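Right, one structure below, let's go through it.
The values are calculated or read from the model by the stated rules, or taken from the named source; none is laboratory data. Fair warning: this is a prediction, and the values are worked out from it, not measured in the lab. As a convention, Cβ positions derive from the backbone with ideal geometry for all residues, glycine included, and neighbour counts pool all protein chains shown.
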């Protein structure tokens, strides 16, 4: 009983403290264009960085973008180094056991790319004997391990998607699986000239999740309500389209 | 180590802590990952042994060149040791793996070469980087060790008409190694502590396995605790091994 | 030179002003030096206390310090950093929350300094313990005989006298501190290695940026080596005269 009261007062104190302090929104400290990447002057730019600004403004929250290592982004949230994650983190059942999510703010298909001239399909049969590279702690790692582990020669884990792309260019891996937007951006770049898309993978909502949401600590209902309201508002009043227009030809909000 | 009353208390406290960890933390993932963990430990130990042995073999000429070599040999050896010791191993590793890797597309013939199956994998870069690093640090240690062998012994051997290579093999090198052994033990532990860095270039050592457990299950602290215990155990084995080596002094030198 | 520029057309990427990434690298270097300085300082404080505790503390304190130095020196820094970075901030926050206080926000800089400082402290304890033991017993006994209180004895006699003995070990520790800051790249702190990785990843010029960062680290090492050499000569300024007097 005593502890309940303590926790209750703590939550109240926490709530009031959260109002005064800016909300630390964690992004991955590794470049993930076109969503978030550092520019030459040390600022973070990209669609997701703009979207953080838009959602926070709509939710009337004072937000501070805080880069943390992708592989430790969930521990950073649960240990209190950041208050929210907006780093293309898909809403999955596995993650919901540890953290909470807002409503989704984008949802895009998952694709596999490989070297031009190396023709294969994004299926277990097509990937027979191939070396697949994925970024650690992503839904793509979980998906590849669940669906391609038996067929593929090896599944290599990279700290960043950039490094997986780099090793695809270098020829150390045959294929990499990631979000279609991120891989399209890579294929359009100079380095991506080597490769082309092998198509989308078969959907598996249990692993790939139901879109990307704001990751939040469990029990942080107040912040969750604010982010949900903020996302709903930017989608409704057209801010979402305005933010997306410079980056994408069509909406990535998804169904 | 004497068993004072307070030590018994400390041991009891430690035992209580272990029991608490075993009971109240989550270990249900352990059976499923045991094969992976065993593989990871094996790979860590393998990398440690291979790089320490190769690195030490490289360190002998590096130390000798600096201690007694002509200027043309001493200067590059010195420069090599300075560069290796002056930059972080993590950076050296990434330079070798991603830096060299980024050059491959510019030279298509590399992919056709017979070395390609090796260049394609990550472990050769890990072994190369860790070997060079160990050689850099140990080259410095061996330089001191070679210098510390009393000149008189070498001069006596020369006076007896012993060929230079024989002097090195029979007198100089064994004594230098004997003198370097305590330092080498410590440096090998440091090398063990450097091995988890290879996980950042996709080599699956025990550190990477712990990461995999966290990524799959979202359990954060338990795999890290397991890692700490595994590294402490390997360190213990290394320390005991080197102590045994030190005590086994060759009778002729002593 | 031309061949070099041809092989690496990306050298222009190192320019200090955007679109060059040199400015980011230098900012990272400043962060690295800040953390290294903080960690080294914290390590010295822990090390001095630890060394005195190991030499003059009670049996319990001595055993606890032995556990601390053994564990830190046996477990990879990378693992310690992860444990301390996540677990300790988590525990502190859980404790604060359960006692009714608000969560503290641990800045990356403070966390980095604390984590590396704890690691440095273990090594510094050993270095300083050895150095204190190397101070001639006669000097300490003479001061005690003159009735000098313990704190003044430490400040006036032991600490200055041991500095010369401790200098090589401390110089080595400083170099380890500067290089260990690179490990914070793994937890996403924006020091030199992470800035380099970001720049390399964004521009795909991996070779150029890693080489440039290597040159920066090497410069830092060489400059500090020179500096520590001077400090050591200064710290040992009394030694030679004593040797002469003895001879």
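Numbers for the structure displayed
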{"item": "Filtered residues of the range A:39-67 (kept if in contact (Cβ under 8 Å) with a residue 12 or more places away in the chain and not in a helix (DSSP H, G or I))", "result": "A:44, A:46, A:59, A:60, A:61, A:62, A:63, A:64, A:65, A:66, A:67"}
{"item": "Residue in the range C:37-45 that is more than 19 Å from residue B:190 (Cβ to Cβ), within 14 Å of chain A (Cβ to nearest Cβ) and crowded, with 17+ Cβ neighbours inside 10 Å present", "result": "no"}
{"item": "Per-region count, the range B:13-31, residues away from every other protein chain (no Cβ under 13 Å) and out of contact with any helix residue (DSSP H, G or I) (no Cβ under 7 Å at 6 or more places or on another chain)", "result": "11"}
{"item": "The range A:126-160, subset closer than 17 Å to residue A:203 by Cβ and in a loop (DSSP other than H, G, I, E, B), residue nearest to the other protein chains (Cβ to nearest Cβ)", "result": "A:138"}
{"item": "Whichever residue in the range A:29-38 is in contact (Cβ under 8 Å) with a residue 60 or more places away in the chain and at the interface with chain C (Cβ under 10 Å from one of its Cβ atoms) and, among such residues, is surrounded by the fewest Cβ atoms within 10 Å (Cβ to Cβ)", "result": "A:33"}
{"item": "Yes/no for residue C:189 being buried (at least 24 other Cβ atoms within 10 Å of the Cβ) and either farther than 14 Å from residue C:26 by Cα or modelled with pLDDT under 90 (or both)", "result": "yes"}
{"item": "Single match in B:68, B:126, B:59 (criterion: in contact with a helix residue (DSSP H, G or I) (Cβ under 9 Å, 6 or more places away or on another chain), buried (at least 22 other Cβ atoms within 10 Å of the Cβ) and over 30 Å from residue A:131 (Cβ atoms))", "result": "B:59"}
{"item": "Matching helices (runs of 4 or more DSSP H) fully within the range B:67-183 where at least 1 residues are over 17 Å from the mean Cα position of the chain (by Cα), within 27 Å of residue B:238 (Cα to Cα) and away from chain C (no Cβ under 14 Å)", "result": "B:123-148"}
{"item": "Conditions (1) in contact (Cβ under 8 Å) with a residue 40 or more places away in the chain; (2) within 11 Å of another protein chain (Cβ to nearest Cβ); (3) crowded, with 19+ Cβ neighbours inside 10 Å; (4) more than 30 Å from residue B:48 (Cα to Cα); number of the one not met by residue C:50", "result": "(2)"}
{"item": "Filter result for the condition that a residue is surrounded by fewer than 22 Cβ atoms within 10 Å (Cβ to Cβ) and either touching a helix residue (DSSP H, G or I) at 6+ places or on another chain (Cβ under 8 Å) or more than 14 Å from chain C (Cβ to nearest Cβ) (or both), over B:204, B:209", "result": "B:204"}
{"item": "For residue A:103: the one exception among (1) surrounded by 18 or more Cβ atoms within 10 Å (Cβ to Cβ); (2) part of a strand (DSSP E or B); (3) in the same structural domain as residue A:52 (by TED's automatic domain parsing)", "result": "(1)"}
{"item": "Which listed residue, of A:72, A:80, is out of contact with any strand residue (DSSP E or B) (no Cβ under 8 Å at 6 or more places or on another chain) and under 20 Å from residue A:37 (Cα atoms)", "result": "A:72"}
{"item": "Flag for residue B:17 being modelled with pLDDT under 95, surrounded by 10 or more Cβ atoms within 10 Å (Cβ to Cβ) and at negative phi", "result": "yes"}
{"item": "Of all residues making up the range A:163-221, the number that are touching a strand residue (DSSP E or B) at 6+ places or on another chain (Cβ under 7 Å) and free of Cβ contacts under 8 Å to residues at least 40 places away in the same chain", "result": "3"}
{"item": "Odd one out for residue C:58, checked against (1) away from chain A (no Cβ under 14 Å); (2) in contact (Cβ under 8 Å) with a residue 60 or more places away in the chain", "result": "(2)"}
{"item": "Residues being touching a residue at least 12 places away in the same chain (Cβ under 8 Å), outside any helix (DSSP H, G or I) and surrounded by fewer than 19 Cβ atoms within 10 Å (Cβ to Cβ) - total across the range C:14-36", "result": "0"}
{"item": "The range A:39-52: number of residues that are farther than 21 Å from residue A:74 by Cα and under 17 Å from the mean Cα position of the chain (by Cα)", "result": "4"}
